[in-house]
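Below is one structure, written out as structure tokens; the observations come after it.
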Amino acid sequence: MKKILILSGSPVKNGNTTALAAWFAEGARSKGAQVDIVAAAFLKYKSTGCTSCRRCQALKEYACVIPDEATPVLARMSEADVIVMATPLYFYGPSAQLKLVMDRMFSLYKWDNEAGTMTTPLKGKKLVLLASAYEDIGLDAMEKPFALTADYSGMGFESLLVPNAGESGDVKPQAAVREKAVALGCRIAQE
């Protein structure tokens with residue numbers, strides 16, 4: 001059974017991002033995947049992102065030393081087969097709430113600067129981006145950091161970018177978008 005972790009980064013509880021994540025999950029579950037959705041926007045944080053303390057680099061395991069609700073989510077990323085990041089487009093990037101978790105992913109990498117090597121438990125997994133925008137500009141710019149992160153980590157990468165999704169919740173009656181999200185979830189679960 002494929003384990004899929006969805007990080008939903010919208011601060012709106014029933015908006016376009018929530019719909020995309022739910023549709024993707026529906027498709028994946030229909031093919032037998034275990035899917036967990038984490039509302040990253042509502043986690044309780046002790047730090048606004050990575051503090052660059054680098055104490056994670058001294059740990060044997062891949063873990064963040066900041067004791068808050070993001071720490072177990074990072075551990076679950078190591079255990080998942082697929083990590084899905086769902087976000088609205090905010091000023092050509094992901095939501096700040098999702099970016100908080102992304103910055104803390106620093107703890108999921110170990111660097112040996114002398115040897116010039118990097119290891120991560122993310123290698124061989126898949127990263128999927130689900131993103132929507134009010135209009136038809138900016139999604140390509142937002143997609144780039146996710147694609148680069150996947151490439152650097154040795155992960156596969158796919159995305160579903162939804163331009164012209166409208167205001168929060170406007171995507172819900174768009175049957176074609178729903179079909180694409182469900183189909184992507186089905187396919188990813190079967191890979």
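Things to note:
- Where strands (runs of 3 or more DSSP E) fall wholly inside region 101-191, the ranges with 1 or more residues that are exposed (fewer than 12 other Cβ atoms within 10 Å of the Cβ) are 110-112, 117-119.
- Residue in region 56-63 that is of a type in the set (Phe, Trp, Tyr) and within 15 Å of Lys99 (Cα to Cα) present: no
- Residue match in region 113-121 (condition: within 25 Å of Leu43 (Cα to Cα) and modelled with pLDDT of 95 or more): yes
- For Thr117, the requirement of being in contact with a strand residue (DSSP E or B) (Cβ under 9 Å, 6 or more places away or on another chain), closer than 25 Å to Leu74 by Cα and without any contact (Cβ under 8 Å) to a residue 40 or more places away in the chain is met.
Yes or no, residue by residue, for (1) touching a residue at least 12 places away in the same chain (Cβ under 8 Å); (2) among the aromatic types (Phe, Trp, Tyr); (3) surrounded by 15 or more Cβ atoms within 10 Å (Cβ to Cβ); (4) not in a strand (DSSP E or B):
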| site | (1), (2), (3), (4) |
| --- | --- |
| Leu7 | yes, no, yes, no |
| Pro11 | yes, no, yes, yes |
| Ala28 | yes, no, yes, yes |
| Lys44 | yes, no, no, yes |
| Cys50 | yes, no, yes, yes |
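- Count of region 77-100 residues which are of a type in the set (Ser, Thr, Tyr) and in a strand (DSSP E or B): 2
- Options Ser159, Ser78, Ser168, Ser107: the member that is hydroxyl-bearing (Ser, Thr, Tyr), under 19 Å from Trp23 (Cβ atoms) and within 16 Å of the chain's Cα centre (by Cα): Ser159
- Odd one out for Ala22, checked against (1) touching a residue at least 40 places away in the same chain (Cβ under 8 Å); (2) within 22 Å of Gly185 (Cα to Cα); (3) small (Gly, Ala, Ser): (1)
- Pairing residues of region 88-113 that are among the charged types (D, E, K, R) with residues that are surrounded by fewer than 20 Cβ atoms within 10 Å (Cβ to Cβ) and in a helix (DSSP H, G or I), at Cβ distances under 9 Å and at least 6 apart in sequence or on separate chains, gives Arg104/Thr71; Arg104/Val73; Arg104/Leu74; Lys110/Gln57.
- Residue within region 52-72 that is touching a residue at least 60 places away in the same chain (Cβ under 8 Å) and surrounded by 19 or more Cβ atoms within 10 Å (Cβ to Cβ) present: no
The values are calculated or read from the model by the stated rules, or taken from the named source; none is laboratory data. It should be emphasised that the depicted structure is a prediction, and the values quoted were computed from it without experimental measurement. A quick note on method: Cβ atoms are made from the backbone with ideal geometry, for glycine too, and the neighbour counts reach across all protein chains shown.
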